[in-house]
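> To start, I am sharing the structure in question, which I have written as structure tokens.
The values are calculated or read from the model by the stated rules, or taken from the named source; none is laboratory data. Note that this is a predicted model, so its numbers are computed, not measured. So basically every Cβ, Gly included, is an ideal-geometry build from the backbone, and we count neighbours across all protein chains shown.
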Amino acid sequence: MNLHETAPRLLRLFIAGFALVLVQVGYWTLYRGAEMANHQRNPRYWTRVRSVERGRILDSHGQTLAESVLDTEPAKKADDDLPSALRRHLFRRRYPQGDLLSHVVGYSDWRQGQSGVESALSSYLTPPQALAMPRSFWELLSPPPRRGDDVVLTLDASLQKTAALALGNRAGAVVAVDVQTGAVLCMADYPRFDPSSVSDGKAWAKLIGNKEDYPLLPRAYAGLYPPGSTFKVLTAAAALQAGTATPQSTYQCDGTDKLGHSTVKCDKRSGHGQITLERGIAQSCNIALARVALDLGASAWEQTVLATGITQRPALFRPGTGTALVPPGKVPTGAALDGPQLAACGYGQGALAVTPLYLAGMGQMLGNGGLRHEPYLVDRITGSDGSVLYKGAPDAGNLVVSASAARATLAMMAKVFESGGTAAGLSRGMDLAGKTGSAQNPHGQAHSWFLAVGPARNPRVAVAVVVENAGWGRVAAGPVAVQVMRAALGR
Amino acid sequence: MGRARERGLLLTALLVGLTGSALVAVVHGGTFDPQQADSLPRQAIVWAQLAVAAFGCHFVLARRGSDADETLLPVSMALTGVGLTVIYSLDPAQAQRQVTWLWLALGVLLLTVIRLVDVAKLREYVYVWGAGTAGLLLLPILFAKEVNGARLWIDLGVFKLQPSELAKLTLVMFLAAYLSSARGAAIAEADWRPLGLRLPSPRYLVPLLVMWVAAMVLLVALRDLGTALLFFGTFICVIYAATAQPGYLVFGAISFTCGAWAAAQMFGHVRNRIQAWLNPWPEEVLAKSGYQVAQGLFAIAAGGMGGVGLGMSQMVNPFTGRTVFAATTDLPFAALCEQMGLWGAALVVALYGFWVYRALRVSLSQPDNFRALLALGLGVLMAVQVFVIMGGVTKLIPLTGITLPFISYGGSSLISNFLMLGLLLRCSEGQR
Ligand SMILES: [Zn+2]
């Protein structure tokens with residue numbers, strides 16, 4: 001037995017193991033420390049959020065959407081053990097707009113967690129360096145005064161109200177986007193909830209238990225729907241861009257058509273007969289747009305559609321961390337995009353799913369000469385001393401289709417409102433471009449869609465509306481879109 | 001009177017600890033808990049007991065003119081003091097009880113060092129230790145109630161006994177006795193070279209196989225990955241030391257990993273532990289099996305370089321007053337990292353490292369193989385246990401419910417650790 005040889009080796013092995021442990025400690029404190037400090041399951045995070053005055057959330061006109069007030073309510077049962085030193089300095093969130101912005105602003109409650117802007121921008125609203133509790137005996141005697149930064153949104157609360165009223169008590173969503181910048185102007189949806197009620201255990205249980213309406217689902221930016229015929233404008237724009245079609249290209253529609261090994265049905269059962277692409281958009285002919293997509297080819301179609309960022313998570317809450325809150329859309333690509341799938345996707349059916357936010361972004365892109373800006377919600381962040389810590393701005397942009405193709409598509413979309421179009425007479429004197437949609441889905445009647453861009457000749461605003469299970473686009477979603485557009489253009 | 005070095009070191013350790021815990025008491029009285037306003041005198045009583053006990057031990061050793069290692073007792077007492085401070089910050093009532101255990105533990109230590117038994121004689125009971133280890137480990141399978149998915153404790157009414165804490169000691173004694181015997185020595189004869197690795201002949205692989213099977217039975221029956229890892233790890237390290245064949249380390253690590261992987265496929269409780277290690281962050285894992293892992297990491301992350309300050313741990317949720325489950329037994333290292341930061345953690349790790357180093361040094365100066373292997377085994381046991389629990393808390397390996405020696409709350413653990421210290425002190429006598 002020769003321990004003189006093996007014992008030192010074992011010792012080196014153990015020292016290496018101990019060193020690894022210390023490396024891990026360093027990794028979790030130094031490298032992952034900020035992430036851990038902001039984790040919603042970390043009680044330390046809530047200590048900070050509750051005992052530091054959290055910043056306000058404001059709309060673009062300075063209206064307060066969320067603010068912190070000293071919690072004067074008597075401590076609830078769960079708080080019984082609360083140290084008295086802390087109890088005097090607790091804040092709670094107040095939401096003066098009620099349920100109007102529940103999904104945008106979100107909620108912040110130490111029992112239920114956070115959502116929306118409250119979650120994504122929490123590290124600004126309650127900065128990590130803010131002191132939740134005195135870290136030493138001396139800080140206890142003179143707590144450092146501190147409050148979080150204010151977050152100002154691009155959103156307009158009065159437009160949001162108009163949108164919410166227009167939508168009424170129908171499940172669905174309305175999103176309006178500034179065409180030049182991608183700034184979100186309103187993002188209303190229904191069902192909603194009152195963020196103040198979240199702290200009430202019973203009300204919360206009711207909210208999460210509701211598996212029928214999903215009131216906690218932010219439909220405007222996280223609701224995935226088949227886009228229906230609204231997607232035809234993107235197929236058309238892609239074909240115009242590639243030169244495989246012009247607005248005057250003609251197609252034969254007999255109501256049904258065998259394309260490859262699948263049958264495409266047109267909504268007009270008797271068929272549109274000889275129809276141009278322009279009329280095909282105005283009258284929403286499935287067969288014409290399926291042919292346009294097939295003529296264009298899978299790879300060119302896919303390239304244009306992917307350029308709209310459909311498969312990416314929009315950085316809606318930038319500079320916040322909330323990308324996980326906003327899901328990407330779905331589109332078949334590569335081998336999955338075979339002939340029948342391409343034909344179906346060409347007119348907006350097939351394995352497609354998009355959010356209302358994405359569709360509004362598509363309208364923004366077409367209105368902005370094919371240049372797409374990622375939608376954004378945060379206009380600026382101001383420190384407690386009034387200094388601007390962050391200024392939101394449109395990203396560099398991504399040219400999805402050429403300016404001429406976008407202009408030509410918009411001109412075709414304007415025909416939707418003219419006589420013979422699917423939204424004829426809906427524009428009420430405004431110069432609009434638009435597209436109706438009714439998306440077949442397994443949950444009952446088709447979802448009613450509408451995409452509007454206005455004014456058609458000099459676009460400023462894009463509006464996307466979905467009303468769940470409400471049938472034709474012009475019946476339910478169309479009037480809502482036009483109403484919101486009127487308010488947005490009249491601002 | 002001799003042992004001046006030990007006295008100086010003990011004084012230093014106690015003074016540093018006392019200053020720290022006085023801070024805890026002030027902070028406790030000031031911010032956290034109005035009911036704990038009398039915390040300073042109570043904390044003082046705890047520390048007075050610690051000091052009296054530590055110096056009592058020291059004086060007994062000094063009076064006997066013992067030349068046992070003079071650094072091990074101060075290092076162990078420093079760790080115990082850190083443990084008391086951490087436990088006090090999480091649960092003052094437990095700290096009071098821990099001091100009571102400490103008295104008992106030091107009693108056991110004294111009984112060991114006053115030569116109640118001749119260490120060399122322990123060698124003769126090789127099968128007693130073997131059977132004892134098996135028996136102690138079987139006890140909880142038969143009698144224990146399940147706590148947190150693991151069956152580790154036997155409720156004796158007065159207190160809960162954790163037999164595996166004693167079994168780890170009997171295992172070390174068995175290994176030392178067996179490997180120093182003629183039969184054990186034969187294991188060292190290497191004559192089989194699969195894949196270019198020097199291994200004993202297949203016949204002598206039997207002990208490895210037996211131990212592997214035993215570890216797997218432990219894993220499945222006790223539902224405890226940590227104890228299985230501790231026992232198996234100690235075993236392969238000691239057998240490697242005795243045989244100088246790295247094949248044991250390599251094959252041991254591979255076979256244990258494979259076994260644990262297979263167990264994870266078959267048994268939900270093992271799978272949960274592994275899953276909580278690989279990714280504790282999904283909401284459904286975080287609420288259950290990943291809860292302890294995540295709360296430990298939150299605490300470590302909160303500590304930063306210098307810690308948030310003694311007594312400021314938010315392992316106790318300031319809003320609910322609830323402490324993270326099993327914080328004082330499974331997660332004291334995380335609480336320690338939070339309060340003392342990376343520097344504090346480095347200090348504690350260094351103290352353990354020093355303890356292990358002294359144990360291995362004692363081992364090298366022993367006159368016979370049994371005592372050498374015994375001292376080495378004690379050092380190995382300490383190292384493996386510290387690594388398994390610290391590695392678990394920092395997500396280096398799966399988190400398991402074994403204790404952090406000298407620091408974790410618990411009577412069985414404290415007594416067994418001081419018994420280890422006592423045996424080591426005894427071994428170290430008469431070296432010079
Ligand atoms: Zn048609």
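> Taking only the range B:55-91 into account, find how many residues are under 17 Å from B:I114 (Cβ atoms) and among the hydrophobic types (A, V, I, L, M, F, W, C).
Matching residues across the range B:55-91 total 9.
> Name the residues in the range B:54-73 that are touching a Lys or Arg at 6+ places or on another chain (Cβ under 8 Å) and assigned to a loop (DSSP other than H, G, I, E, B), would you?
Of everything in the range B:54-73, those that are touching a Lys or Arg at 6+ places or on another chain (Cβ under 8 Å) and assigned to a loop (DSSP other than H, G, I, E, B) turn out to be B:S66, B:D67, B:A68, B:D69, B:E70, B:T71.
> What are the residues in the range B:346-373 that are under 16 Å from B:Q385 (Cα atoms), surrounded by 22 or more Cβ atoms within 10 Å (Cβ to Cβ) and not hydroxyl-bearing (S, T, Y), if any?
Scanning the range B:346-373 gives B:V348, B:W355, B:V356, B:A359, B:L360.
> Name, by its number, the condition in (1) over 18 Å from A:S119 (Cα atoms); (2) surrounded by fewer than 16 Cβ atoms within 10 Å (Cβ to Cβ) that does not hold for A:I208.
Just one mismatch for A:I208, condition (1).
> Failed condition for A:A336, given (1) more than 16 Å from the ligand (Cβ to nearest atom); (2) at pLDDT 90 or above, with all others met?
For A:A336, the exception is condition (2).
> When A:S51 is evaluated against the numbered criteria (1) at the interface with another protein chain (Cβ under 7 Å from one of its Cβ atoms); (2) farther than 24 Å from B:W343 by Cβ; (3) in contact (Cβ under 8 Å) with a residue 24 or more places away in the chain, which criterion, by number, is the only one it fails?
Single failed check for A:S51: (1).
> Given the criteria within 16 Å of the ligand (Cβ to nearest atom), buried (at least 21 other Cβ atoms within 10 Å of the Cβ) and either farther than 18 Å from A:L410 by Cβ or without any contact (Cβ under 8 Å) to a residue 40 or more places away in the chain (or both), does A:V331 qualify?
Values: within 16 Å of the ligand (Cβ to nearest atom): no; buried (at least 21 other Cβ atoms within 10 Å of the Cβ): yes; either farther than 18 Å from A:L410 by Cβ or without any contact (Cβ under 8 Å) to a residue 40 or more places away in the chain (or both): yes.
Criteria not met by A:V331.
> Now for a separate question. Determine, yes or no, whether A:P191 is more than 25 Å from A:E302 (Cβ to Cβ), away from the ligand (no atom under 16 Å from the Cβ) and buried (at least 16 other Cβ atoms within 10 Å of the Cβ). Let's see the steps before the verdict.
Values: more than 25 Å from A:E302 (Cβ to Cβ): yes; away from the ligand (no atom under 16 Å from the Cβ): yes; buried (at least 16 other Cβ atoms within 10 Å of the Cβ): yes.
Spelling it out, A:P191 is indeed more than 25 Å from A:E302 (Cβ to Cβ), away from the ligand (no atom under 16 Å from the Cβ) and buried (at least 16 other Cβ atoms within 10 Å of the Cβ).
> Could you please let me know if A:G273 is surrounded by fewer than 23 Cβ atoms within 10 Å (Cβ to Cβ), without any contact (Cβ under 8 Å) to a residue 40 or more places away in the chain and within 16 Å of the ligand (Cβ to nearest atom)?
yes
> While we're looking at this one, here's another question. On the basis of being in a strand (DSSP E or B) and either in contact with a strand residue (DSSP E or B) (Cβ under 8 Å, 6 or more places away or on another chain) or under 29 Å from A:L342 (Cβ atoms) (or both), does A:V174 make the cut?
Values: in a strand (DSSP E or B): yes; either in contact with a strand residue (DSSP E or B) (Cβ under 8 Å, 6 or more places away or on another chain) or under 29 Å from A:L342 (Cβ atoms) (or both): yes.
It is true that A:V174 is in a strand (DSSP E or B) and either in contact with a strand residue (DSSP E or B) (Cβ under 8 Å, 6 or more places away or on another chain) or under 29 Å from A:L342 (Cβ atoms) (or both).
> Taking into account only those residues within the range A:203-226 that are in contact with a Gly (Cβ under 8 Å, 6 or more places away or on another chain) and not aliphatic (A, V, I, L, M), which is nearest to the ligand (Cβ to nearest atom)?
Residue satisfying both the conditions and the ranking: A:P226.
> What do you reckon, is A:W28 at the interface with chain B (Cβ under 8 Å from one of its Cβ atoms), under 28 Å from the mean Cα position of the chain (by Cα), buried (at least 21 other Cβ atoms within 10 Å of the Cβ) and under 25 Å from B:L286 (Cα atoms)?
no
> Looking for whichever is within 16 Å of the ligand (Cβ to nearest atom), assigned by TED's automatic domain parsing to the domain that holds A:A173 and farther than 30 Å from A:G392 by Cα here; the options are A:S299, A:S229. Which one fits?
A:S229
> Can you tell me which residues in the range A:276-296 are within 11 Å of the ligand (Cβ to nearest atom) and surrounded by fewer than 24 Cβ atoms within 10 Å (Cβ to Cβ)?
Matches in the range A:276-296: A:R279, A:Q283.
> Also, quick follow-up: Please go through the range A:240-265 and pick out each residue that is within 19 Å of A:G369 (Cα to Cα) and either surrounded by fewer than 17 Cβ atoms within 10 Å (Cβ to Cβ) or within 9 Å of the ligand (Cβ to nearest atom) (or both).
Applying the first criterion (within 19 Å of A:G369 (Cα to Cα)) to the range A:240-265 yields A:240-243, A:245-247.
Selection gives A:G243, A:T246.
> Continuing with this model, one more query. Does the range B:407-424 include one or more residues that are closer than 24 Å to B:L376 by Cβ, part of a loop (DSSP other than H, G, I, E, B) and within 13 Å of another protein chain (Cβ to nearest Cβ)?
Among the residues of the range B:407-424, not one is closer than 24 Å to B:L376 by Cβ, part of a loop (DSSP other than H, G, I, E, B) and within 13 Å of another protein chain (Cβ to nearest Cβ), which makes the answer no.
> Looking at B:A262, B:A276, B:A244, can you tell me which residue is at pLDDT 80 or above and within 11 Å of chain A (Cβ to nearest Cβ)?
Going through B:A262, B:A276, B:A244 in turn, the sole match is B:A244.
> List, please: which pairs have Cβ atoms under 7 Å, are six or more places apart or on different chains, and start with a residue in the range B:233-257 that is among the aliphatic types (A, V, I, L, M) and end with one that is surrounded by fewer than 19 Cβ atoms within 10 Å (Cβ to Cβ)?
The qualifying pairs are B:I236/B:L249; B:A242/A:M1; B:A242/B:A188; B:A244/A:N2; B:A244/A:E5; B:V250/B:L197.
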